[in-house]
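Notes follow once the structure below has been shown.
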Amino acid sequence: YQKNKRAPSQLRKYWSTARWISKHFGGDDPQEATDISSMYDSALGNMTTKLYTEPKQAVMPDMDDIKNLEHAATDSRLTRAERYAASVFRWQVGTSGRFDDIQHTSPHTVHHDNENIVGIPWQTKTMDNVTRKTPKALISTKHTLTGKNWWKPMTDDLIALYKARPHMDYILPQPGSMFNSFLDRPCTYSTALTWLRQILHRQGTPAPRANKTTLHSLRLWMAEMANLARVPREMRKHIGQWANEKT
């Protein structure tokens, strides 16, 4: 179909027919065969003319967005749960860590002194079935852009959370429906993303920019600031926790 430059709709009909025959006559569903399904998806993609492609790169947060997280962490108008979440997101900014790394960190491994907050993930990103990286420490300095102690909700409430939930092996719990309480399970990525955008919007970040901000955006900020400050390339790679030169 691809070689003969057929329309994508023709290939979709053929695929549906093949699946229907397999289902009704006892054959194997081609959708379940990873190699065949991948070939189908690839061919369909090559046959489809794309007029516009949305860029997939994470949007770089503004300096004001980071300040808004610091304001939110100390904003008495917000609930305790909201202040804690803002504090955790601000810590993630400083660590250049993935949200998955944050959620794979047990509270009892988090320590802080006058300068830093350090957490040790019990699991990090798996590259393949053979290669597994040793988890790197998540380290953020207690640097403040606003003069506010944004780290206080996290360092104070994390102790209380862990005492109430000794089995807790994540940093950010799932919020209640109104984002004003915590449930006894880890926060999902989609909920954390909604929460982050809501916090930014309430603190004055314009809606279009807040809606484009992702949890991965937080990972970019520290390394990009180092780039603007002309920090050497090798140090930026360490700060951003980039796996390879291509990244």
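The values are calculated or read from the model by the stated rules, or taken from the named source; none is laboratory data. Note that the structure is a prediction, hence the values are computed from the model and not measured. Reconstructed Cβ throughout: ideal geometry from the backbone, glycine too, with neighbour counts over all protein chains shown. Areas reflect the complete protein model, heavy atoms only, side chains present, ligands, DNA and RNA absent. Shrake-Rupley method; radii C 1.70, N 1.55, O 1.52, S 1.80 Å.
Has the range 115-134 got at least one residue that is closer than 19 Å to GLY97 by Cα, in contact with a strand residue (DSSP E or B) (Cβ under 6 Å, 6 or more places away or on another chain) and at pLDDT below 90?
The answer is yes; a qualifying residue exists.
Could you give me the residue pairs with C-beta distances under 9 Å whose first residue belongs to the range 20-35 and is open to solvent by less than 70 Å² (accessible area, probe 1.4 Å), whose second residue is β-branched (Val, Ile, Thr) wherever it lies, and which are 6+ apart or on separate chains?
Within 9 Å, the pairs are GLY27/ILE21; PRO30/ILE36.
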